[in-house]
Amino acid sequence: MAKSKHDQVAEKLAKKFGTEYKKHKGIDIVTKDRVIEVETTKSGIYQGINQVKRSAKARYIAVNDRNIQNALKSTEGTGIGVMDENGKIVKRARRK
């Protein structure tokens, strides 16, 4: 069975950041200094924000290219960063 777009993006980012993709456990990607939740649908962005908002590390939502504007709008004022599906940071994470 073919992998979903979500799984493809998550595995690519996990490899890039030298960690593993936690498919069925909480936040998708956790490194020593950041957490990344992958979302490939507009409706999933809010769920992703809720997933990472309590983390003490730098918090990111990784989205496919067509959802970058939706993610930027949704994360306004939250301190949550946005990256594209290749791991390029579009909006840097910061703490409130």
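The values are calculated or read from the model by the stated rules, or taken from the named source; none is laboratory data. The structure presented is a predicted model; accordingly, all values stated were derived computationally and were not measured. Positions of Cβ are generated from backbone atoms using ideal geometry, with glycine treated the same way; all protein chains shown enter the neighbour counts. What goes into the accessible areas is simple: the full protein's heavy atoms, side chains included, and nothing from ligands, DNA or RNA. Shrake-Rupley method; radii C 1.70, N 1.55, O 1.52, S 1.80 Å.
Some points to look at:
- Surface composition of the chain: carbon and sulfur atoms hold 50% of the protein heavy-atom accessible area at a 1.4 Å probe.
- Under 5 Å between amide hydrogens, built in the peptide plane, is the criterion, and for residue 81 it picks out 59, 60, 61, 93, 94 among residues at least 5 positions away or on other chains.
- For mean projected area of the Cα convex hull in nm², the candidate list reads [x] 5.8; [y] 11.1; [z] 6.3; the entry that matches the value derived from this model is [x].
- Order by protection proxy (mean Cβ within 10 Å, highest first), peptides 55-66, 18-29, 40-51: 55-66, 40-51, 18-29
- Estimated purely from DSSP H runs of n ≥ 4, each contributing -39500 (n - 2.57), the mean residue ellipticity at 222 nm for the chain is -8500 deg cm²/dmol once divided by its residues.
- Total charge dipole magnitude, the chain, about the Cα centre, Cβ charges on Lys, Arg, Asp, Glu only, Debye to nearest 20: 360 debye
- Centroid-to-centroid separation of segment 49-82 and segment 1-46 [C-alpha atoms, Å]: 13 Å
- Extension gain (nm, one decimal) between residue 47 and residue 89, 0.36 nm per residue minus Cα-Cα: 13.1 nm
- Electrostatic bookkeeping for residue 10 treats Lys and Arg as +1 and Asp and Glu as -1; over the other residues with beta carbon under 13 Å from its beta carbon, the sum is +1.
- Theoretical gain in end-to-end length, residue 24 to residue 76 [0.36 nm per residue, Cα-Cα removed]: 15.9 nm
- In summary, the aspartates and glutamates within cross-link reach of residue 53, defined as a Cα separation below 16 angstrom excluding same-chain residues under 8 places away, comprise 28, 33, 37, 39, 76.
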